[in-house]
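Right, one structure below, let's go through it.
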Amino acid sequence: MIQSIIKRDGRVVLYDQNKIAAAILRAMEAASDGNAADAARVANDVQRDLEKHSVGSAPDIEAIQDAVERQLMNHGFNAAAKAYILYRANRTRAREANTALMKTIDEITNIDARVSDMKRDNANIDGNTAMGSMLQIGSAGAKAYNEMYLLRPEHAKAYREGDIHIHDFDFYSLTTTCCQIDILKLFHGGFSTGHGHIREPQSIQSYAALAAIAIQSNQNDQHGGQSIPNFDYAMAEGVAKTYRKAYYRLLAEALEDRLDLEEQTATIKALVKDVEAKVGEQPRLENSPAFDEAVIYALTKRYDLPLGDSAKVVSRTKKRAWKKTDRDTHQAMEGFVHNLNTMHSRAGAQTPFSSINYGTDTTPEGQMVIRNILLALDAGLGHGETCIFPIHIFKVKEGVNYNEGDPNYELFRLSCKVSAKRLFPNYTFLDAPFNLQYYVPGRPETEVATMGCRTRVMGNVYDPTREIAYSRGNLSFTSINLPRLALESNGDEKVFYEKLQAMLELVAQQLLDRFEIQANKHIYNYPFLMGQGVWLDSDKLTLQDDLREVLKHGTLSIGFIGLAETLTALYGQHHGESEETQKKGLEIIGFMRDYCDKRSQELKMNFSLLATPAEGLSGRFIRMDQKRYGKIRGITDREYYTNSFHIPVWYHISAYDKIRLEAPYHALCNAGHISYVELDGDTARNVEAFEAVVRCMHDCGVGYGSINHPVDRDPICGYVGIIGDVCPRCGRREGEEIPQERIDELRKMYPEMPAFQGIE
Amino acid sequence: MTAKSNNEKMGQGVGFERIRRITGYLVGTMDKWNDAKRAEERDRVKHGLTKNA
């Protein structure tokens with residue numbers, strides 16, 4: 001006779017057969033296999049079973065569950081037995097997850113980020129700070145919950161075992177990835193941050209300050225990066241407003257000085273407004289001769305000035321207003337860059353992950369913006385440090401800025417000079433056929449823009465009349481471990497494609513499951529993104545509407561990593577080694593793209609293929625694959641899988657060949673792509689050579705590219721910038737020591753100087 | 001390599017670091033990079049500008 005049982009925590013409690021019957025009934029109901037009477041009969045036999053198996057001692061929980069499984073099967077309730085076993089396995093997994101979660105939190109709490117790889121998974125979060133740790137703890141808890149309760153078992157298994165990687169998994173149930181913020185639409189009529197209403201800005205300084213606020217606000221509604229697709233076009237409006245104000249005031253002042261008059265601003269403003277109405281033009285950086293003449297004539301009439309004197313006043317005013325506007329714009333751009341490198345988001349754990357796109361506005365105001373943002377980037381931060389944010393993206397377009405004689409060609413040249421020093425801007429190429437197909441001159445929203453590390457949104461199967469970059473973004477993305485599929489196929493191409501097809505289907509289903517969660521949210525979950533109409537069509541929603549339809553403007557992206565290792569596993573070499581393998585590489589990626597297009601058409605949703613920006617992922621898959629397969633030469637013998645479709649970083653190849661071989665993959669990866677070229681410092685600082693590489697990317701059909709070169713930092717004094725032989729801040733040479741007193745002196749001048757902790 | 005040779009001086013044997021693009025974006029100094037990305041960065045080779053470099 002069983003009297004008592006032993007619980008998991010070791011406590012001994014009274015045996016209660018009803019509880020066993022209830023558990024059995026739950027399994028029967030879940031499987032529609034048996035009723036309460038059946039459950040009671042099985043429970044009776046469980047007791048007899050236990051008496052036989054645990055003679056003289058109290059059974060523990062595991063023994064009871066074993067007996068339940070045996071007796072369910074003995075009675076022929078096979079479906080119920082299966083449900084019970086599944087339930088039991090899930091509970092076991094949940095208990096293990098709890099233990100793992102506590103261990104993770106323990107590591108976040110107690111281990112220095114410099115020795116904890118886990119805490120450096122995302123380099124933008126400082127895992128050593130209070131808020132950074134809180135974010136990581138929240139993230140760990142959310143991941144454990146999401147895996148246990150939100151994923152289908154097959155998706156959880158694929159994720160856990162490294163067949164796939166679900167990006168931003170901690171935000172699985174919460175929000176979407178990123179958005180291109182149409183800053184002009186947001187500014188017109190003013191907006192609200194959720195902590196107060198802001199009027200429409202009236203000067204370039206306010207335009208720039210509010211642009212940073214907009215990025216910050218939206219960052220708190222999404223887990224990915226924030227981008228402004230029309231930075232030049234938008235800021236140009238602020239420049240025009242600043243110029244107009246300066247024009248009125250400086251013209252009044254010039255007259256006051258010349259004619260020894262008191263306050264003339266109101267009179268002048270009325271006079272110029274009158275001219276504006278007649279000529280149909282406002283004061284701007286480049287006015288028509290008709291406008292200038294009309295102002296001159298009006299001044300002469302109003303103040304009884306000789307025409308020649310009026311002309312001089314106007315000409316001087318124009319020069320001064322231009323100069324003041326240019327200075328204000330420069331300060332505004334500097335302030336913007338400083339803001340984005342110092343302002344906090346997510347409770348101070350991060351600076352907003354921001355991008356700005358520019359280069360194609362050919363108005364004088366737009367050109368002033370582009371020149372000054374480039375100069376601000378060139379100058380760097382307070383002590384000349386290289387700015388980490390925003391990511392600058394220069395949009396290259398023939399007829400606009402690509403060739404000598406194009407209106408913005410000089411700005412393109414300037415961008416090359418700046419990028420050669422500061423690593424930004426990156427370049428997006430509007431002439432690549434897959435970008436050009438959307439381009440409509442005079443409609444900047446049709447110019448491809450990039451956000452975060454590479455995300456691109458253009459095509460729109462859901463609403464083909466809205467194939468634009470503005471107000472859209474990625475909803476979520478999941479990446480496939482391609483090399484593992486190849487390794488599991490043992491060099492058999494046919495098997496590989498079958499596995500790839502199955503994996504694509506699994507990922508698409510998982511993305512759709514995640515979409516279901518996202519689709520059921522409401523405006524009030526995203527007070528800025530949706531509440532302020534930042535996302536396309538969100539301004540048409542009511543509080544009751546869910547987000548399903550408007551979210552369909554976004555993309556569901558399937559990513560991949562390690563094409564090079566995949567090809568090596570299948571064909572013995574990667575795509576940098578032979579044209580034959582390059583062809584095979586394009587077939588694989590083309591196959592994935594076809595799948596995305598097919599699902600897009602079938603569901604009228606935007607599935608797209610992503611060349612995954614593997615930061616945390618670069619090591620995750622390969623660590624698991626090394627355990628499974630060992631270190632296989634050219635495949636699993638390094639600490640990372642090669643980024644997306646890149647030629648391996650360690651492979652010697654010319655810049656030209658690398659670009660030529662990677663370019664066709666840009667056309668296939670419509671969710672985003674990037675190619676890099678590594679130049680040594682001297683070549684990079686040779687602007688001609690730098691520009692030649694950018695031109696090569698353009699001509700080969702690359703969509704998005706950048707050039708890597710060394711930008712140095714002295715860890716002793718914290719100086720960041722270009723360092724020749726001698727550090728410009730502390731004056732030491734590489735490897736030299738300097739007195740502690742000197743460090744202390746420098747720290748007084750540079751309070752942000754890091755305390756040097758030693759070499760890792 | 002020693003960071004501090006004694007209490008009065010710092011920096012002996014310490015080289016200059018480089019800011020590198022981690023993957024499309026920058027994150028500042030490489031002390032925040034995860035181990036795999038550090039290894040990848042170490043392995044990167046320069047690309048020459050001639051066609052058969």
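The values are calculated or read from the model by the stated rules, or taken from the named source; none is laboratory data. Predicted, not measured: the structure shown is a model, and the values here were computed from it. In this analysis, Cβ positions are derived from the backbone assuming ideal geometry, glycine residues included, and neighbour counts consider all displayed protein chains.
The table below gives the values:
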| item | result |
| --- | --- |
| Among (1) within 26 Å of the chain's Cα centre (by Cα); (2) without any contact (Cβ under 8 Å) to a residue 24 or more places away in the chain; (3) within 14 Å of chain B (Cβ to nearest Cβ); (4) farther than 17 Å from A:HIS165 by Cβ - the single one A:ILE647 does not satisfy | (2) |
| Selected residue (criterion: surrounded by the fewest Cβ atoms within 10 Å (Cβ to Cβ)) from residues of segment A:572-626 that are among the small types (Gly, Ala, Ser) and within 14 Å of chain B (Cβ to nearest Cβ) | A:GLY616 |
| Filter pass, A:GLU737 being surrounded by fewer than 23 Cβ atoms within 10 Å (Cβ to Cβ), facing another protein chain (nearest Cβ under 7 Å) and over 25 Å from the mean Cα position of the chain (by Cα) | yes |
| Search result, residues across segment B:25-53 that are modelled with pLDDT under 85 and more than 7 Å from chain A (Cβ to nearest Cβ) | B:MET30 |
| Residues within segment A:421-442 that are crowded, with 21+ Cβ neighbours inside 10 Å and not charged (D, E, K, R), tallied | 10 |
| First in segment A:612-625 and more than 15 Å from B:ARG21 (Cα to Cα), second anywhere and buried (at least 24 other Cβ atoms within 10 Å of the Cβ) and β-branched (Val, Ile, Thr), Cβ under 7 Å, 6 or more apart | A:THR612/A:ILE561; A:LEU617/A:ILE561; A:PHE621/A:ILE561; A:ILE622/A:THR636; A:ASP625/A:THR636 |
| Single residue of segment A:627-644 satisfying the filter (more than 14 Å from A:PRO613 (Cα to Cα) and surrounded by 15 or more Cβ atoms within 10 Å (Cβ to Cβ)) that is nearest to the other protein chains (Cβ to nearest Cβ) | A:GLU639 |
| Odd one out for A:VAL534, checked against (1) crowded, with 22+ Cβ neighbours inside 10 Å; (2) over 26 Å from A:THR193 (Cβ atoms); (3) within 25 Å of the chain's Cα centre (by Cα) | (2) |
| Every residue from segment A:714-734 that is in a loop (DSSP other than H, G, I, E, B), among the basic types (Lys, Arg) and more than 7 Å from every other protein chain (Cβ to nearest Cβ) | A:ARG729 |
| Residue that is surrounded by the most Cβ atoms within 10 Å (Cβ to Cβ) [pool: residues in segment A:468-478 that are part of a loop (DSSP other than H, G, I, E, B) and not hydroxyl-bearing (Ser, Thr, Tyr)] | A:GLY473 |
| Residue ID - farthest from the chain's Cα centre (by Cα), chosen from residues in segment A:709-734 that are of a type in the set (Gly, Ala, Ser) and at pLDDT below 85 | A:GLY724 |
| Filter result (among the aliphatic types (A, V, I, L, M), within 23 Å of A:LYS323 (Cβ to Cβ) and at pLDDT below 95) within segment A:378-417 | A:ALA379 |
| Hey, A:ILE166 at negative phi and in contact (Cβ under 8 Å) with a residue 24 or more places away in the chain or not | yes |
| Some residue of segment A:140-151 being buried (at least 16 other Cβ atoms within 10 Å of the Cβ), in contact with a Ser or Thr (Cβ under 9 Å, 6 or more places away or on another chain) and over 15 Å from A:PHE169 (Cα atoms) | no |
| Residue check, A:TYR297 farther than 19 Å from A:LYS323 by Cβ, surrounded by fewer than 16 Cβ atoms within 10 Å (Cβ to Cβ) and of a type in the set (Phe, Trp, Tyr) | yes |
| Matching residues, segment A:118-135, being touching a residue at least 24 places away in the same chain (Cβ under 8 Å) and part of a loop (DSSP other than H, G, I, E, B) | A:ASP121, A:ASN122, A:ALA123, A:ASN124, A:ILE125, A:ASP126, A:THR129 |
| Residue within segment B:3-24 that is in contact with a helix residue (DSSP H, G or I) (Cβ under 8 Å, 6 or more places away or on another chain), surrounded by 15 or more Cβ atoms within 10 Å (Cβ to Cβ), more than 7 Å from chain A (Cβ to nearest Cβ) and modelled with pLDDT under 75 present | no |
| Segment A:183-211: number of residues that are touching a residue at least 60 places away in the same chain (Cβ under 8 Å), under 22 Å from the mean Cα position of the chain (by Cα) and surrounded by fewer than 24 Cβ atoms within 10 Å (Cβ to Cβ) | 3 |
| Any hit, segment A:87-100, residues being closer than 30 Å to B:ARG21 by Cα and either touching a residue at least 12 places away in the same chain (Cβ under 8 Å) or exposed (fewer than 14 other Cβ atoms within 10 Å of the Cβ) (or both) | no |
| Tabulated pairs, segment A:221-239, first free of Cβ contacts under 8 Å to residues at least 60 places away in the same chain, second part of a helix (DSSP H, G or I) and surrounded by fewer than 24 Cβ atoms within 10 Å (Cβ to Cβ), C-beta under 7 angstrom, 6+ apart or interchain | A:HIS223/A:PHE171; A:ALA234/A:LEU184 |
| Residue that is surrounded by the most Cβ atoms within 10 Å (Cβ to Cβ), among those in segment A:241-288 that are more than 44 Å from the chain's Cα centre (by Cα) and not in a helix (DSSP H, G or I) | A:GLN264 |
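Matching residues to (1) within 30 Å of A:LEU475 (Cβ to Cβ); (2) aliphatic (A, V, I, L, M); (3) modelled with pLDDT of 95 or more:
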residue: A:SER206; (1), (2), (3): no, no, yes
residue: A:PHE231; (1), (2), (3): yes, no, yes
residue: A:ALA236; (1), (2), (3): no, yes, yes
residue: A:VAL272; (1), (2), (3): no, yes, yes
